[in-house]
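The values are calculated or read from the model by the stated rules, or taken from the named source; none is laboratory data. All values derive from a computational prediction rather than experimental measurement. Glycine gets a Cβ as well: all are built from the backbone with ideal geometry, and neighbour counts include every protein chain shown.
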Amino acid sequence: MNELFQRFLSEELNEGARELLRTGVLSAQEPGAVTCIREFNFNLFDVLIDFETRVVVVQDVLLPETDPGSVMSLDEFRSLCGI
């Protein structure tokens, strides 16, 4: 786990953010759902979930756009975030 994602976990991921992410992931996985990409904007970090490729990108909103952020699988993200 890289430093950026550790900061996301400690600085941003509270119960409210966790529930928002959990709801978004579960609704995208319901039968008949057509969600391909979902973006969540929090105070310090943005989370982009690509459900087709099952990849999650966590970016620090205060860093320049040239920073690629932290990339991981959806399964790893769910496990680390407890969703």
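Figures for the structure shown
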item	result
Criterion (at pLDDT below 90 and of a type in the set (A, V, I, L, M, F, W, C)) met by exactly one of Ala28, Ala17	Ala28
Residue match in segment 5-15 (condition: farther than 15 Å from Ser79 by Cα and among the hydrophobic types (A, V, I, L, M, F, W, C))	no
Index of the failed condition, Leu80 passing every other in (1) in a helix (DSSP H, G or I); (2) surrounded by fewer than 16 Cβ atoms within 10 Å (Cβ to Cβ); (3) under 11 Å from the mean Cα position of the chain (by Cα)	(2)
Extreme residue, modelled with the lowest pLDDT, among residues of segment 34-77 that are hydroxyl-bearing (Ser, Thr, Tyr) and over 11 Å from the mean Cα position of the chain (by Cα)	Thr66
Residues of segment 14-71 satisfying the condition of being surrounded by 12 or more Cβ atoms within 10 Å (Cβ to Cβ), under 19 Å from Glu3 (Cβ atoms) and of a type in the set (D, E, K, R)	Asp46, Asp60
